[in-house]
Amino acid sequence: MTQRLLGNLSASTFLRRHWQKQPLFVRDALPQCGEWLQRDVLFELACRDDVESRIVTRARGQWRVAHGPFTHDKLRRHPARGWTLLVQGVEQFLPQASLLLQQFSFIPHARLDDLMVSYAAPGGGVGPHFDSYDVFLLQGIGSRRWQIGAQKQLALVDNAPLRILRTFHPQQTWEVQQGDLLYLPPRYAHDGVASSACMTLSVGFRTPRKLELAANFLDFLQDNLHIDGMIEDAGLPLQAHPAELPAFLIDKFSRALKSVRWSEADVWRFAGCYLTEPKPQVVFQRPRRAMTLAHFTKRVMTRGLQLALPTRMLFAGRQIFINGECHPLSAAHRNALIRLADTRATPAFTPGAATARLLYAWYCAGYVHA
Ligand code: SIN
Ligand code: CO
């Protein structure tokens with residue numbers, strides 16, 4: 001399956017030759033791609049306030065962006081040409097979208113951002129731009145003309161409401177049809193214009209900016225720091241200007257700050273929590289009338305368990321991370337829980353009392369279904 005998706009390349013060859021390095025175009029990689037997604041279902045999502053959506057239009061050379069939620073009326077009243085609707089995080093709402101992402105499991109889940117789906121009227125697109133993440137652009141219904149270029153000049157148009165390249169020098173062009181796939185590494189210039197009304201499914205793999213990573217790590221450290229004691233300044237020398245910052249005190253600050261330490265284990269724990277942290281708009285559906293723990297455990301023993309669509313789960317060594325939380329991974333149920341994290345479902349198994357209680361808490365929080 002992966003081989004067809006990658007145009008007869010094995011996943012390891014793809015990773016070696018293309019990942020973060022060069023584009024790959026595959027004709028008919030995923031036949032009938034996006035057949036399960038009707039335009040009206042996408043419109044429906046764009047009307048919800050827990051969904052991130054936007055409409056990009058270009059009229060008389062001017063780009064415009066409007067942010068959702070939209071009304072059905074607004075979506076239907078759009079002109080026949082030159083606009084596109086983009087909906088983020090579609091895998092959180094549609095099981096088929098979540099299944100589609102599983103076809104990309106040759107990339108670690110830790111790198112996955114989301115599935116964005118666009119609907120474009122003929123002539124619609126978001127203009128020539130680059131993205132800062134790896135993306136697989138899968139063509140759903142309809143056709144689109146993609147142009148890409150390896151240019152180093154990536155200056156953007158000033159004051160535009162979206163990121164548009166000032167100059168674009170396409171080197172390759174494809175008229176893509178349903179099922180075609182285009183992989184682009186980060187910062188690769190591209191422009192897709194709908195040839196007919198069409199949908200494009202973008203599987204995005206993001207890494208955080210180093211500054212964003214550091215800021216989040218500092219937050220994590222703050223919550224997990226244990227430094228005792230107060231700053232003391234016995235021996236403070238008399239100074240001529242009371243308003244002058246005392247070097248004596250700054251030296252004490254400096255020494256106290258140098259005692260902020262972290263270990264490799266802290267980085268693992270931080271990474272697991274950070275990478276499974278739900279996006280701000282995610283809402284987990286708690287069961288309306290929750291089963292009892294005993295009933296739930298029986299269900300796990302007969303039917304197994306599935307992750308709820310918005311749930312993110314990763315593991316490392318003896319820790320399991322789910323939606324920003326960290327829990328110990330018990331040796332007895334390691335295989336079942338790893339399978340749950342890898343494939344989003346696990347067949348029936350018999351959890352011990354502690355694992356059953358943990359899974360039950362996840363069920364009550366809306367993280368899993370049994
Ligand atoms: C689109 O689907 O119109 C845009 C996708 C992209 O260029 O990243
Ligand atoms: Co793009």
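One table, with the values for the structure above:
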{"quantity": "Residue-averaged [θ]222 nm for the chain, counting only DSSP H segments that reach four residues, each worth -39500 (n - 2.57)", "calculated": "-8000 deg cm²/dmol"}
{"quantity": "Hits among lysines - C-alpha to C-alpha of Lys252 under 28 Å, sequence gap 8 or more where chains match", "calculated": "none"}
{"quantity": "Trypsin sites (Lys or Arg not before Pro) lying in DSSP loop within the stretch 186-269, provided at most 10 other Cβ fall within 10 Å", "calculated": "Arg209, Arg261"}
{"quantity": "Within straight-line cross-link reach of Lys258, lysines at Cα separation under 25 Å, skipping those fewer than 8 residues along the same chain", "calculated": "Lys210"}
{"quantity": "Top of Phe217, Phe248, Phe130 by mean-square fluctuation, Gaussian network on the chain, Cα under 10 Å", "calculated": "Phe248"}
{"quantity": "Per-bin percent of Cα-Cα distances, the stretch 77-184 [10 Å]", "calculated": "12, 40, 38, 11, 0"}
{"quantity": "Förster radius 22 Å - calculated FRET efficiency between Gln285 and Leu15, Cβ distance, rounded to 0.05", "calculated": "0.05"}
{"quantity": "Cβ-based exposure ranking for Glu325, Glu264, in which fewest neighbours within 10 Å come first", "calculated": "Glu264, Glu325"}
{"quantity": "Ranked packing of 30-39, 45-54, most packed first, by mean Cβ within 10 Å", "calculated": "45-54, 30-39"}
{"quantity": "The chain: most fluctuating residue of Pro122, Pro278, Pro347 per GNM, C-alpha cutoff 10 Å", "calculated": "Pro347"}
{"quantity": "All aspartates and glutamates inside 18 Å of Lys279 as judged from Cα atoms, apart from same-chain residues fewer than 8 positions distant", "calculated": "Asp49, Asp50, Glu52, Glu91, Asp113, Asp114, Glu212, Asp219, Glu325"}
{"quantity": "Stokes-Einstein D (µm²/s) once Rh is taken as the Kirkwood radius of the stretch 277-331 over alpha-carbon pairs, at 20 °C in 1.002 mPa s", "calculated": "162"}
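Each value in this text was obtained by applying a stated rule to the coordinates, not by laboratory testing. This one's a predicted model, so the numbers in the text were calculated from it and none came from an experiment. Here Cβ is always computed from backbone atoms with ideal geometry, including for glycine, and neighbour counts include all displayed protein chains.
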